[in-house]
Amino acid sequence: MDKVRAMVQIEGVVQGVGFRPFIYDRALRHGLTGWVLNDEKGVQIEVEGEQDRVTAFLSGLSSPPLLAVVERQRVSYLPPIGYQGFEIRSSKVGEERLALISPDMTLCEDCLHELFDPADRRFRYPFINCTNCGPRFTIIEDIPYDRAKTTMAPFAMCAACSREYHDPANRRFHAQPNACPACGPQVKLLDNGGGEVPSADSIQETLRLLKAGGIVAIKGLGGFHLACDAAQEEVVARLRGRKYREDKPFALMCKDLEVIKGICVVDDGSRELLTSKERPIVILPRRTDTAIALSVAPGQGTLGVMLPYTPLHHLLLADGLASLVMTSGNRSDEPIAYANTEALERLGQIADFFLVHNREIHTRCDDSVVKPFRGRPTLIRRARGFVPFPIRLPRRLQRGGTSVLACGAELKNTFCLTKGNYAFLSHHIGDLENYETMRSFEQGIDLMMRLFKIEPAAVCHDLHPDYLSTRYALGYAGELQVPRIGVQHHFAHAVSCMAEHGLEGPVLAVVLDGTGYGEDETVWGGEFLEVTGMAYTRLGHLRTIPLPGGDRAAKEPWRMAAVYLDRVYGQLEGVDIPFVKGLDLAQWTLLRQAIQANINSLLCSSIGRLFDAVSALIGVRLLTNYEGQAAIELEQMARQGEQGEYPLEIAEEEGCLILDPDPMVAAIVEDIKREADPSLISARFHNAMARAIAQMAIQMREVTGVSEVVLSGGVFQNHLLMGRTVDLLEQADFKAYIHHQVPANDGGIALGQAFHALCLLKEN
Ligand code: ZN
Ligand code: ZN
Ligand code: FE
């Protein structure tokens, strides 16, 4: 049989994931000659041999190694040239860089086994890894992805590690972070003054301290966690006190799935998420009467839980502790600490001890948070395990290789860079309100631009002039001398959902959130739009109402409750419900005067603030300690199975649909007077909102003829509302799209900005 030579170009996540040894192994198995190498687009292969063997080899490429993601594979045939053997050639450095980089990956089964095998040379070594697992994104400084360009550079491999590294048949062939106890990073236990705590085994000693009720800052993959025994109420309460975190829930890391099943309700979909290679924090319904301290998540019907994902975590949880609080190592609003000296400085007042190591973290990266919706993930925070893997955009947007930078919003910031049909949405940066976070944002942009060699042809930003991301975008666009593209906040939300689903519209969009900069000098947040990738029309919105005190209204839900009552009844006196009786009337009078004088009270159409108002009215939460608390607690208390609902009205004013919640507020007040249970009122309120959204969609369809609806905005993290809304929309023959790949909250905004910019640039 005649020989053929096939040239194969593979793009995707194929570097640093054991792809070349896999190819090597397959080529030998099929008796083929040729070579494989990493180039800057991915992996290049040539194989030579008989046609049927080449064909068999090619079809075997469809089941690549665990962490590899093949995005594109091209095969062309050339005349054979008589290769003698098969070899792995050294990397080729070309002009075009688009090798995708793997996220940090959870410890694999093989390494886990070796970790606890007394006969293995890496027995109990906390930095064991291989091509299928270990750090990637957080240690990489530049590409191509080689050890010298990672924070592993200072560690010279010993002879044994080096042999593995150079052996194509070995699981550690070209595993850049490869290390062992003889040559690799080490852990060290420090007290909070930075002094070393003497012990034979720092990990065992840490474990002893945790069991004894200590709070330990533990350096992980993307930063420090603050850890303590989740079963000790007094210790968890102490951690809360020191962290100045009153009741925002702490995440837990549990020994194994069995432990999680004991404290939470775990269905098949949730189990899949918990054990997925991303190993995120998964928010699950909690069981009652568990050993978990109540102050882990006060007043919550859910717990955020995750499984161990580094060897160090496995070692800590192997001997006697079932669940650890593992909360971000930061003071209240700062980003997570990731360098040893910085952690000692910033967390010294919180942690008693520090378990550190000497492998540096180049990029800080938080744990990802997901919440299952009908068996599928929705993201609350997209970071470790997901980033920097791109979101794929429709190929038709790829014109002339134009790239854009989108700077995102202010809270829960992420930024987004595009190249070709890839959108690289950054890891969760945080709230851009202090120097540390702003620096992360800038360094993150710089790193991603280098890693993927991106030169933006435009810089996108929110319309809010005071967002630090907006200011940065305006300045940076000036520096680069490229156009700036301002994108309305809720339009960006809608487009982010379209981008995920490859839609270019027109679609209808229901975007519900706290606040975003509107285009008519009001604050938006309950928006009903018709959207294409290019533009939007505001077809409707929640009736506007004063937002007294701007951002303070979000922290003090009583304000919105009072404003709603005032509108419905003309005054609060005589509204005979506990909320009004408990109100500080002097304070309210001042606030009312400020509103009437138009002082610091813009009009808003925010659904988030409507949730706050209802929460306060029925006595759930008058003041909040963290963002969204009033709405979250309102959702959790809703009685299941309740079918009642309240009336809302839809009016048409100047061609715009106005959703009027006043009849609902009045009906809620009547229920309160009747002493209806708050759980019933909450359920009826959710039902009413879902009904109103569906009704708005129906009226929008009458005008536009469009029956595809995207749902976006932080309010849709409320799955009670989302589930009911999706059901009602589907019953009315709509196709409803929700977020699965990026957060519905402001963490998804940058993707929408970028997608819109690409649509614009494609047209011009
Ligand atoms: Zn491994
Ligand atoms: Zn070694
Ligand atoms: Fe928003």
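The values are calculated or read from the model by the stated rules, or taken from the named source; none is laboratory data. Note that the structure is a prediction, hence the values are computed from the model and not measured. FYI the Cβ positions are ideal-geometry reconstructions off the backbone, even for glycines, and counts take in every protein chain you see. Heads up: the accessible areas ignore ligands, DNA and RNA and are worked out on the full protein's heavy atoms, side chains in. Shrake-Rupley method; radii C 1.70, N 1.55, O 1.52, S 1.80 Å.
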| Of the residues 139, 88, which is in contact with a Pro (Cβ under 6 Å, 6 or more places away or on another chain) and either more than 30 Å from residue 276 (Cβ to Cβ) or at pLDDT 95 or above (or both)? | 88
| query | Here are some residues: 413, 434. Which one is closer than 14 Å to residue 750 by Cα and among the polar types (S, T, N, Q)? | reply | 413
| query | Are there any helices (runs of 4 or more DSSP H) wholly within region 676-764 with 2 or more residues that are within 30 Å of the chain's Cα centre (by Cα) and within 30 Å of residue 415 (Cβ to Cβ), and if so which? | reply | 719-731, 749-763
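Return the residues of region 621-642 that are closer than 22 Å to residue 576 by Cβ and under 28 Å from the mean Cα position of the chain (by Cα); say none if nothing qualifies. Spell out how you get there, then give the answer.
Quick first cut of region 621-642, residues closer than 22 Å to residue 576 by Cβ only: 621-622.
Across region 621-642, the qualifying residue is only 621.
Could you identify the single residue in 138, 131, 151 that is within 12 Å of ligand 1 (Cβ to nearest atom) and open to solvent by less than 60 Å² (accessible area, probe 1.4 Å)? Steps first, answer last, please.
Details: 138 fails: within 12 Å of ligand 1 (Cβ to nearest atom); 151 fails: within 12 Å of ligand 1 (Cβ to nearest atom).
Criteria check complete, one pass: 131.
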| request: Test residue 455 against the stated conditions and say whether it is more than 30 Å from residue 589 (Cβ to Cβ), assigned to a loop (DSSP other than H, G, I, E, B) and more than 16 Å from ligand 2 (Cβ to nearest atom). | output: yes
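Would you confirm whether or not region 359-371 contains a residue that is aliphatic (A, V, I, L, M), within 18 Å of the chain's Cα centre (by Cα), open to solvent by less than 10 Å² (accessible area, probe 1.4 Å) and within 16 Å of residue 742 (Cβ to Cβ)? Outline the logic, then answer.
Step one: list which residues in region 359-371 are aliphatic (A, V, I, L, M), which gives 361, 369-370.
Subsequent filtering for residues that are within 18 Å of the chain's Cα centre (by Cα) retains 369-370.
Cutting the leftovers down to open to solvent by less than 10 Å² (accessible area, probe 1.4 Å) gives us 370.
Adding the requirement that they be within 16 Å of residue 742 (Cβ to Cβ) leaves 370.
Looking for residues that are aliphatic (A, V, I, L, M), within 18 Å of the chain's Cα centre (by Cα), open to solvent by less than 10 Å² (accessible area, probe 1.4 Å) and within 16 Å of residue 742 (Cβ to Cβ), one finds at least one in region 359-371, hence yes.
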| So which residues in region 23-62 are in contact with a helix residue (DSSP H, G or I) (Cβ under 7 Å, 6 or more places away or on another chain) and aliphatic (A, V, I, L, M)? | 27, 32, 36, 43, 45, 47
| Out of curiosity, is residue 546 open to solvent by 10 Å² or more (accessible area, probe 1.4 Å), in the same structural domain as residue 601 (by TED's automatic domain parsing) and more than 16 Å from ligand 1 (Cβ to nearest atom)? | yes
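Looking only at strands (runs of 3 or more DSSP E) that fall completely inside region 1-90, which ones have 2 or more residues that are open to solvent by less than 20 Å² (accessible area, probe 1.4 Å)? Step through it out loud before you land on a result.
Values: elements: 3-13, 33-38, 42-50, 69-78, 86-88.
The strands (runs of 3 or more DSSP E) meeting that bar are 3-13, 33-38, 42-50.
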| Based on what the data block shows, is residue 180 within 16 Å of ligand 1 (Cβ to nearest atom) and crowded, with 21+ Cβ neighbours inside 10 Å? | no
| message | Can you find a residue that is in contact with a Ser or Thr (Cβ under 6 Å, 6 or more places away or on another chain) and either within 16 Å of ligand 2 (Cβ to nearest atom) or in a loop (DSSP other than H, G, I, E, B) (or both) anywhere in region 157-164? | response | no
| request: Could you tell me which numbered condition residue 319 fails, if it satisfies all but one of (1) part of a helix (DSSP H, G or I); (2) out of contact with any strand residue (DSSP E or B) (no Cβ under 9 Å at 6 or more places or on another chain); (3) more than 24 Å from residue 437 (Cβ to Cβ)? | output: (1)
| field | Single residue of region 243-287 satisfying the filter (at pLDDT below 95, open to solvent by 30 Å² or more (accessible area, probe 1.4 Å) and over 22 Å from the mean Cα position of the chain (by Cα)) that is farthest from residue 346 (Cα to Cα) | value | 246
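Residue-by-condition table, conditions (1) in the same structural domain as residue 318 (by TED's automatic domain parsing); (2) touching a residue at least 24 places away in the same chain (Cβ under 8 Å):
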position: 123; (1), (2): no, no
position: 178; (1), (2): no, yes
position: 192; (1), (2): yes, yes
position: 207; (1), (2): yes, yes
position: 210; (1), (2): yes, yes
position: 224; (1), (2): yes, yes
| query | Within region 184-205, is even one residue part of a helix (DSSP H, G or I) and open to solvent by 50 Å² or more (accessible area, probe 1.4 Å)? | reply | yes
